[in-house]
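Step one of this worksheet: look at the structure below.
The values are calculated or read from the model by the stated rules, or taken from the named source; none is laboratory data. A quick note: this is a predicted structure, and the numbers were derived from the prediction, not measured. In this analysis, Cβ positions are derived from the backbone assuming ideal geometry, glycine residues included, and neighbour counts consider all displayed protein chains. Each accessible area value is taken on the protein alone, full model and side chains, heavy atoms only, with ligands, DNA and RNA left out. Shrake-Rupley method; radii C 1.70, N 1.55, O 1.52, S 1.80 Å.
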Amino acid sequence: MKQKKIICLIVLFWLSGYLPAQDKAVPFSKELYAFKQQDSVRFPPKKAILFIGSSSFTKWTDVADYFPRYRIVNRGFGGSSLPDLIQNIEQIVFPYQPKQIVIYCGENDLASSDTITSKIVFNRFKQLFQLIRVKLPAVPIAFVSLKPSPSRQKLWPKMEEVNLMVKNYLKTKRNTAFIDVYHGMFNKDGTVMQELFVEDNLHMNKKGYAIWQQKIKPYLLK
């Protein structure tokens, strides 16, 4: 009898530690669920151009209007960093069988902690790149450079380092492109174009996306 009580106590103790963990929301579960809901209603056409990354893509809700002659699938989710893309690659990349992948991510990585170096971000990008290449070896991959968000000015030196490392890395890989939006967002006097951003000085308005349109379009596959 005493032994049964001990077993029951052990089970209750285990459950007390296990159940609350189940209640914790998986990071970005709402965003990923929303993608599944959209896909269940109407699955995107295969061989489209897939945009993945953080909020600069998420908030580009009318991206298809900027590229009317291209078939775009936007699977960016706000607040994400490169590890989030890596963790959810099976959901946000492979099911769509894209003909090209365009990536904007890494800015949130740098902003998450002062301990995150440009080298760490670059290595994260390489991991994402290599994971894509394993399953989709022939699919072209384009990386959009990190942008000079005014609210993150202290991170600009690190951003430039990330951009340069990714640019040099992609030069060694086939079917890749590095899209430089960073330098196109400064005035001639070296100041950032403040009018490209909304009030939070982080996300862009239509003027900002118009510049991205000009920079990205030449690299998109028809």
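Annotations
- In segment 17-124, Cα pairs under 8 Å separated by at least six residues give a relative contact order of 30 percent.
- Apportionment of accessible area to carbon and sulfur, the chain, percent (1.4 Å): 56
- Only helices enter the 222 nm calculation for the chain: every DSSP H run of n ≥ 4 contributes -39,500 (n - 2.57), and dividing by all residues gives -14000 deg cm²/dmol, rounded to 500.
- Nearest 10 degrees, 0 to 90: helix 2-23 Cα axis against the chain principal axis: 20
- Volume of the Cα convex hull of the chain, divided per residue and given in Å³: 171
- Under a model in which nothing but the beta-carbon of Lys, Arg (+1) and Asp, Glu (-1) is charged, segment 41-84 shows a dipole of about 280 debye around its Cα centre.
- Reduced Cα scattering model of segment 118-192, Debye log10 I(q)/I(0), q = 0.12, 0.19, 0.26 Å⁻¹: -0.37, -0.80, -1.23
- Pairwise centroid distance, computed over Cα atoms, of segment 186-222 with segment 29-88, Å: 19
- Taking every alpha-carbon pair under 8 Å whose residues sit at least 6 apart, the chain reaches a relative contact order of 18 percent.
- Signed unit charges on C-beta, dipole axis of the chain, positive-most listed residue GLN37, PHE77, ALA210: GLN37
- Summarising the amide proton neighbourhood of PHE197: residues at separation of 5 or more, or on other chains, whose placed amide H is nearer than 5 Å comprise ASN205.
- Lysines whose Cα lies under 27 Å from that of LYS171, excluding same-chain neighbours fewer than 8 positions away: LYS47, LYS99, LYS119, LYS126, LYS135, LYS147, LYS158, LYS215, LYS217, LYS222
- Each peptide in 144-150, 126-132, 45-51 gets a packing score, the mean of other Cβ atoms within 10 Å over its residues, and the list from highest to lowest is 144-150, 45-51, 126-132.
- Assuming charge only on the beta carbon of Lys and Arg (+1) and of Asp and Glu (-1), the dipole of the chain about its Cα centre is about 940 debye to the nearest 20.
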